[in-house]
1. Out of the chymotrypsin sites (Phe, Trp or Tyr not before Pro) in region 93-139, which ones are loop residues according to DSSP with at most 16 other C-beta atoms within 10 Å?
2. List, in order, the whole-Hz ³J(HN,Hα) value for each residue of region 338-347 obtained from phi through the Karplus relation with A = 6.51, B = -1.76, C = 1.60 and θ = phi - 60°; use x for Gly and Pro.
3. Provide the solvent-accessible area of W78, counting protein heavy atoms only and rolling a 1.4 Å probe, rounded to the nearest 10 Å².
4. Provide M347, M45 ordered by accessible surface of protein heavy atoms (probe 1.4 Å), highest first.
5. Ranked from the most accessible area to the least, with a 1.4 Å probe and all protein chains present, what is the order of T154, T145?
6. How many nm separate the modelled label positions at V84 and T190, each set 7 Å beyond the Cα in the direction of the Cβ?
7. Give me a comma-separated list of calculated 3J(HN,Hα) values for region 96-107, in order, Karplus coefficients 6.51, -1.76, 1.60 applied at θ = phi - 60°, integers in Hz, x for any Gly or Pro.
8. Taking the Cβ-Cβ separation of R144 and D206 as r and a Förster radius of 25 Å, what is the calculated FRET efficiency to the nearest 0.05?
Amino acid sequence: MLSPGVESQLYKLPWVCENVAGIPVVLQSHIDCGSLLGHRAVYRMCFATAAFFFLFTLLMICVRSSQDPRAAIQNGFWFFKFLVFVGITVGAFYIPDGSFTNIWFYFGVVGSFLFILIQLVLFIDFAHSWNQRWLGKAEECNSRTWYAGLFFFTLLFYSLSIAAVTLLFIYYTQPNACYEGKAFIGLNLTLCVCISIIAVLPKIQDAQPNSGLLQASTITLYTMFVTWSALSNVPDQKCNPHLPYFGNGTVQTGAEGYATQWWDAPSIVGLIIFILCTFFISLRSSNHRQVNSLMRTEECPPILEATQQQQAVASEGRAFDNEQDGVTYSYSFFHFCLVLASLHIMMTLTNWYRPSETQKMISTWTAVWVKICASWVGLLLYLWTLVAPLLLPNRDFN
């Protein structure tokens, strides 16, 4: 929907540049309307996906096992589910514009904020699992190669983080301006240094032997990315080199004069991280019970695994139902994660721009503060994983 060819076709439609009453909107230039078309279409596509998954979130509440009739809908009826999705998508394009885009923008802000936190939890879990697995390999093989690998990636992540901070100060700040950006970069850098120091404190190491700088470096690098993404939404041309200028200024236009809004670098990186995290949510059950409790998943116990292997051999490789006694993940929560993912992809593809009353897509401080606050909450979550065993000694965090 954001590609130049599709935008040019959308522009030919009679309703795309009209108000609710059907009267043509008087714009400053041909570019302003063109900049809205792809964004409007993305909003409607993602509304359809979010509505579809929210419908299944409600439908799958309290499904305990595959014996529940609703489990059959979760694991089958694919033709009808795709048919429902296509119907919702077509219907979404008939929603009157009015205040829909403005209201849906704030739904996207909240959903994307929550999904950024989920991404951070997944990164924490990934780093913990990675560190634990390589330390186990080092002990089994009695080789320093695994330690060298951990040291290399830790050093790499910290080096990339330092480079990111340097580039952020160069491109997103000015000597006598951009004070908010300077404060955000400096504060997040300070917080990252603090959690890195806390991660290697003796008391933390005693409580959590697997805690180390690899996890801290991973979280630091992700925090720098979120900071970069936030600064790319600062609505100030001096402090944001990615900010396009619509109106009477110069903007890249296609062959037919419509606006071509290419994705900027933060959006491309964010899209890649989004895809990886979505696969991570869909395919993996964590080694850590805390993450499983949050993501509502669990690993199969050894006895059940043995039973499954026997059944698999008996059935000569054919699929069998392993959820008759209980589901291995929450169907409802899984779909809710995909609702948040739909809202996050909507905000990422539209660069978090908000449609204004002047028929332009504008960047706002709302997007900046949401991302910065998400980075702070994420750092607090990681800090909690470090200090929780000390504050709650009676609980089992193994």
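The values are calculated or read from the model by the stated rules, or taken from the named source; none is laboratory data. Small disclaimer: the values here were computed from a predicted structure and weren't measured. Neighbour counts are summed over all protein chains in view; Cβ atoms, including those assigned to glycine, are modelled from backbone coordinates with ideal geometry. Side chains are part of the model used for accessible areas, which takes the heavy atoms of the whole protein and leaves out ligands, DNA and RNA. Shrake-Rupley method; radii C 1.70, N 1.55, O 1.52, S 1.80 Å.
1. Details: sites: F93, Y94, F100, W104, F105, Y106, F107, F113, F115, F123, F126, W130, W134; in loops: F93, Y94.
Loop-located and lightly packed - F93, Y94.
2. Working through the residues one at a time gives 6, 4, 5, 5, 5, 5, 5, 5, 4, 5 Hz.
3. 140
4. Correct descending sequence by accessible area is M45, M347.
5. Descending order: T145, T154.
6. Rounded to a tenth, the inter-label distance reads 5.1 nm.
7. With coefficients 6.51, -1.76 and 1.60, one gets x, 4, x, 9, 4, 5, 5, 5, 5, 4, 6, 4 Hz.
8. 0.55
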